[in-house]
Amino acid sequence: SVVRENAVLRNTYFLLGLSLLCSALTSTLFLMYPMPINPLLSMGIMFGLFFAVQATAHSAAGIIATFAFTGYMGYALGPILHLAVYGFANGPELVATTALCVGTIFVGLSGYIATTKQELSYLGGTLFSLLLSVIILSFAGMFFQIPFLILVVNALSVLVFSGLIMYHTSEIIHGGETNYILANISLYLALLNLFVSVLRIMMMFAGNQNRD
């Protein structure tokens, strides 16, 4: 059992690294050749590819679906990266700092759980409730555009997705998730959303200095 769980964790981290690299490449592609993205169409593609991963997770096709999903997610991340890089005088530094912060958070949290082997299944309901709160508050922030509310939403998102990183890592270690493709997608989405939340906070405090 221990050997199997370690293998799942190892395979998950390996696939996660490749997934992040795939997203980084497609994000760079968007920065080089920016194109308008239709929100509704983009959401449909995201959900379609996500369900494709779920449906093929127990076969070799799941790997292909994973890279298709993470590749598109990286491309869909392009607009906010474009805004950060070209909308602020220190845009590249903002993105690099965000990536460093998120990487440090992930290594610290997942390393802590992997070392202590804490069992966090009891947090599932709480994290799901907090995630719903984030979604509801995000919609409210889109309509009202209140800076403090937007800051609260992103700060709460950082806490929720950090908690999800710990929760999913614990699930892998304790056998709650035995499929490394599904485990990878869970950690990938937590990392991606954590990155977006931290980047938005960075942008809020960076001022509104457009690059010349």
Go through the residues of region 195-202 one by one and say whether even a single one is open to solvent by 30 Å² or more (accessible area, probe 1.4 Å) and at positive phi. no
Any residue at all in region 65-80 that's of a type outside the set (Val, Ile, Thr), surrounded by fewer than 17 Cβ atoms within 10 Å (Cβ to Cβ) and modelled with pLDDT under 90? no
Among (1) of a type in the set (A, V, I, L, M); (2) at pLDDT 90 or above; (3) open to solvent by 50 Å² or more (accessible area, probe 1.4 Å), where does residue 89 come up short? (2)
Condition met for residue 114 (in a helix (DSSP H, G or I) and surrounded by 14 or more Cβ atoms within 10 Å (Cβ to Cβ)): yes
Would you please list the contacts, defined by Cβ atoms under 9 Å and residues six or more apart or on different chains, that run from a residue in region 104-122 that is closer than 11 Å to residue 171 by Cα to a residue that is open to solvent by 90 Å² or more (accessible area, probe 1.4 Å)? 118/112
Considering region 5-54 alone, what residues qualify as being of a type in the set (A, V, I, L, M, F, W, C) and open to solvent by 70 Å² or more (accessible area, probe 1.4 Å)? 14, 20, 21, 25, 29, 32, 35, 40, 41, 43, 47, 51
For region 159-182, which positions are open to solvent by 30 Å² or more (accessible area, probe 1.4 Å) and either in contact with a Gly (Cβ under 8 Å, 6 or more places away or on another chain) or β-branched (Val, Ile, Thr) (or both)? 167, 178
With the structure loaded, tell me whether residue 50 is of a type outside the set (S, T, N, Q), assigned to a helix (DSSP H, G or I) and at pLDDT 95 or above or whether it fails that test. yes
In this structure, does residue 139 turn out to be in a helix (DSSP H, G or I), at pLDDT 85 or above and of a type in the set (Phe, Trp, Tyr)? no
Restricting to region 177-204, and then to whatever is in a loop (DSSP other than H, G, I, E, B) and in contact with a His (Cβ under 9 Å, 6 or more places away or on another chain), can you tell me which residue is farthest from residue 131 (Cα to Cα)? 179
Kindly indicate whether any position in region 56-63 is among the aliphatic types (A, V, I, L, M), closer than 21 Å to residue 193 by Cβ, open to solvent by less than 60 Å² (accessible area, probe 1.4 Å) and assigned to a helix (DSSP H, G or I). no
Tell me the residue from 137, 120 that is in contact with a Ser or Thr (Cβ under 7 Å, 6 or more places away or on another chain) and either more than 14 Å from residue 198 (Cα to Cα) or of a type outside the set (A, V, I, L, M) (or both), please. 120
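Please verify whether residue 104 is within 26 Å of residue 8 (Cα to Cα) and surrounded by fewer than 13 Cβ atoms within 10 Å (Cβ to Cβ), treating the condition exactly as stated.
Yes; evaluated as a whole, the condition is true for this residue.
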Cβ-Cβ distance below 7 Å, separation of 6 or more or different chains: which pairs start in region 22-34 with a residue that is farther than 12 Å from residue 72 by Cβ and end on one that is of a type outside the set (S, T, N, Q) and open to solvent by 40 Å² or more (accessible area, probe 1.4 Å)? 31/82; 34/82
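The values are calculated or read from the model by the stated rules, or taken from the named source; none is laboratory data. Keep in mind that this is a model prediction, so the values were computed, not measured. All Cβ positions, glycine included, derive from the backbone under ideal geometry; neighbour counts span all protein chains shown. To get the accessible areas, we keep the full protein, side chains included, count just its heavy atoms, and leave off ligands, DNA and RNA. Shrake-Rupley method; radii C 1.70, N 1.55, O 1.52, S 1.80 Å.
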